[in-house]
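Peer 1: I am attaching a structure below and will ask some questions about it afterwards.
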Protein chains: 2
Amino acid sequence: MRTGAGDRIDTHTGYMLVRLGVAAAALFDDALIPLNLRGRHVKVMGHIHDGTPSQQDLCRLTGMDRTTMVAVVDDLERLGHARRERSATDRRKHVVILTAEGAAALTEALRLLAEAQEELLSPLPAAERDQFHDLVSRLFAARAGE
Amino acid sequence: MRTGAGDRIDTHTGYMLVRLGVAAAALFDDALIPLNLRGRHVKVMGHIHDGTPSQQDLCRLTGMDRTTMVAVVDDLERLGHARRERSATDRRKHVVILTAEGAAALTEALRLLAEAQEELLSPLPAAERDQFHDLVSRLFAARAGE
DNA sequence: CGCCGGTTATCAGTAGTGCTGACTATCAGT
DNA sequence: ACTGATAGTCAGCACTACTGATAACCGGCG
């Protein structure tokens, strides 16, 4: 967009980045439809695969709101992918546990997500995909504190 | 996240891309707060800077919904950045016109957005910023039809 | 001319989202 | 026992973007 005497202000990289992010999110959400899951469910399942955190722990790990976490764990329980149990050491807490079906669903979900990512990045040859991964990682890492 | 016998399924690039997109959107929206604008307003102002499209034209150009466009043009009119006029050739249409104040606001908005993008990309040295721009452009272009 | 299907802009109502605030149960410290 | 803090839950709110209905207007056709 021209705004002055021939000089061009670039806001395109950021704009395209926003749009790509939205497209990627939609692609991922679509990929998970067959499993009746959203990205956030997979994220949570990933964490309860590695341990048995409380819902509060999950909030800290994922940055999600506590009330949203209630709904996500509700969903996972309803689907049989996880269950809640009162913590033995602190009865305020619900530890969240991945079931066997949940583990299977997680594996399948990751496969579907990897497929979707493959589609997203398919316009780039392998070497440049690595480059892209590297650059994105560095930008992402730089914002880690936020 | 490990899911099997040592093999690692990468869904990180896409995930980080989504998060970066969200962060960029937030950065851009924040940058525009002093002008009481959102990204979509600037997008629309950009188009009415280049011509005098109808609201319907703007919908086609931006991909926004017709009802959302009403609100956006309402905002721009209220701020004095644009005004509506009945088209002389088709009195169903409202052509949207950028005012002098709107043009000034657009310039300032683009400056603020460029600043925000500079901050976003600041973790990368100039050469790699160009690389990143190139890669993002190509992924973006590949999705143009959607 | 008068009718009619299609288009433009608008508004009300709706569904989905994520959050705040209130509430209960529980903990740790006094 | 009393106090302040924390975990989980729920109702309600604010925001978003949309669907559907409406009024004004266009172009064409009998």
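Peer 1: Looking at the stretch B:77-105 only, could you name the residues that are assigned to a helix (DSSP H, G or I) and touching a strand residue (DSSP E or B) at 6+ places or on another chain (Cβ under 7 Å)?
Peer 2: Taking the stretch B:77-105 and keeping what is assigned to a helix (DSSP H, G or I), we get B:77-78, B:100-105.
Across the stretch B:77-105, the qualifying residues are B:Glu77, B:Gly102.
Peer 1: Within the stretch A:45-55, track down each residue that is under 16 Å from A:Asp74 (Cβ atoms) and within 12 Å of DNA strand D (Cβ to nearest atom). So that I can check it myself, show each step before the final result.
Peer 2: We begin by selecting, within the stretch A:45-55, every residue under 16 Å from A:Asp74 (Cβ atoms); these are A:45, A:48, A:54-55.
Result: A:Ile48, A:Ser54, A:Gln55.
Peer 1: While we're looking at this one, here's another question. Of the numbered conditions (1) under 30 Å from A:Gly63 (Cβ atoms); (2) surrounded by 12 or more Cβ atoms within 10 Å (Cβ to Cβ); (3) touching a residue at least 60 places away in the same chain (Cβ under 8 Å); (4) away from DNA strand D (no atom under 13 Å from the Cβ), B:Gly21 satisfies every one except a single condition; which is it?
Peer 2: Failing condition for B:Gly21: (3).
Peer 1: Are any residues in the stretch B:40-63 away from DNA strand C (no atom under 11 Å from the Cβ) and touching a residue at least 24 places away in the same chain (Cβ under 8 Å), and if so, which ones?
Peer 2: Narrowing the stretch B:40-63 to residues away from DNA strand C (no atom under 11 Å from the Cβ): B:40-51, B:61-63.
B:Arg40, B:His41, B:Val42, B:Val44, B:Met45, B:Gly46, B:Ile48, B:His49 - these are the residues of the stretch B:40-63 that are away from DNA strand C (no atom under 11 Å from the Cβ) and touching a residue at least 24 places away in the same chain (Cβ under 8 Å).
Peer 1: Now a separate question. For B:Met69, all conditions in the list (1) open to solvent by less than 80 Å² (accessible area, probe 1.4 Å); (2) without any contact (Cβ under 8 Å) to a residue 24 or more places away in the chain; (3) more than 12 Å from chain A (Cβ to nearest Cβ); (4) of a type in the set (A, V, I, L, M) hold save one; what is the number of the exception?
Peer 2: (2)
Peer 1: What is the one condition in (1) of a type in the set (A, V, I, L, M, F, W, C); (2) closer than 24 Å to A:Leu135 by Cα; (3) more than 14 Å from DNA strand C (Cβ to nearest atom) that A:Ala25 does not satisfy?
Peer 2: Unmet condition: (3).
Peer 1: Go through (1) more than 7 Å from chain A (Cβ to nearest Cβ); (2) touching a Gly at 6+ places or on another chain (Cβ under 6 Å) one by one and return the number of the condition B:Gln117 breaks.
Peer 2: With respect to (1) more than 7 Å from chain A (Cβ to nearest Cβ); (2) touching a Gly at 6+ places or on another chain (Cβ under 6 Å), B:Gln117 is out only on (1).
Peer 1: Inspect all residues belonging to the stretch B:76-87 and state whether any of them is out of contact with any Ser or Thr (no Cβ under 9 Å at 6 or more places or on another chain) and of a type in the set (Ser, Thr, Tyr).
Peer 2: no
Peer 1: Something else now. In the set B:Ala82, B:Ala100, B:Ala105, which member is buried (at least 18 other Cβ atoms within 10 Å of the Cβ), farther than 23 Å from B:Val22 by Cα, more than 16 Å from the chain's Cα centre (by Cα) and of a type in the set (A, V, I, L, M)? Spell out how you get there, then give the answer.
Peer 2: Details: B:Ala100 fails: buried (at least 18 other Cβ atoms within 10 Å of the Cβ); B:Ala105 fails: more than 16 Å from the chain's Cα centre (by Cα).
The conditions single out B:Ala82.
Peer 1: Going by the conditions given, is A:Val72 of a type in the set (Val, Ile, Thr), in contact with a strand residue (DSSP E or B) (Cβ under 7 Å, 6 or more places away or on another chain) and within 16 Å of DNA strand D (Cβ to nearest atom)? Working first, answer last.
Peer 2: Values: of a type in the set (Val, Ile, Thr): yes; in contact with a strand residue (DSSP E or B) (Cβ under 7 Å, 6 or more places away or on another chain): no; within 16 Å of DNA strand D (Cβ to nearest atom): yes.
Against the criterion (of a type in the set (Val, Ile, Thr), in contact with a strand residue (DSSP E or B) (Cβ under 7 Å, 6 or more places away or on another chain) and within 16 Å of DNA strand D (Cβ to nearest atom)), A:Val72 does not qualify.
Peer 1: What's the number of the condition B:Glu77 fails, among (1) open to solvent by 30 Å² or more (accessible area, probe 1.4 Å); (2) more than 14 Å from chain A (Cβ to nearest Cβ); (3) away from DNA strand C (no atom under 16 Å from the Cβ)?
Peer 2: Result: B:Glu77 passes all but (3).
The values are calculated or read from the model by the stated rules, or taken from the named source; none is laboratory data. These numbers were taken from a predicted model, which means no experiment stands behind them. Here the Cβ is made from the backbone with ideal geometry for all residues, glycine too, and neighbour counts use every protein chain on show. The area values use the complete protein model at the heavy-atom level, side chains included, leaving out ligands, DNA and RNA. Shrake-Rupley method; radii C 1.70, N 1.55, O 1.52, S 1.80 Å.
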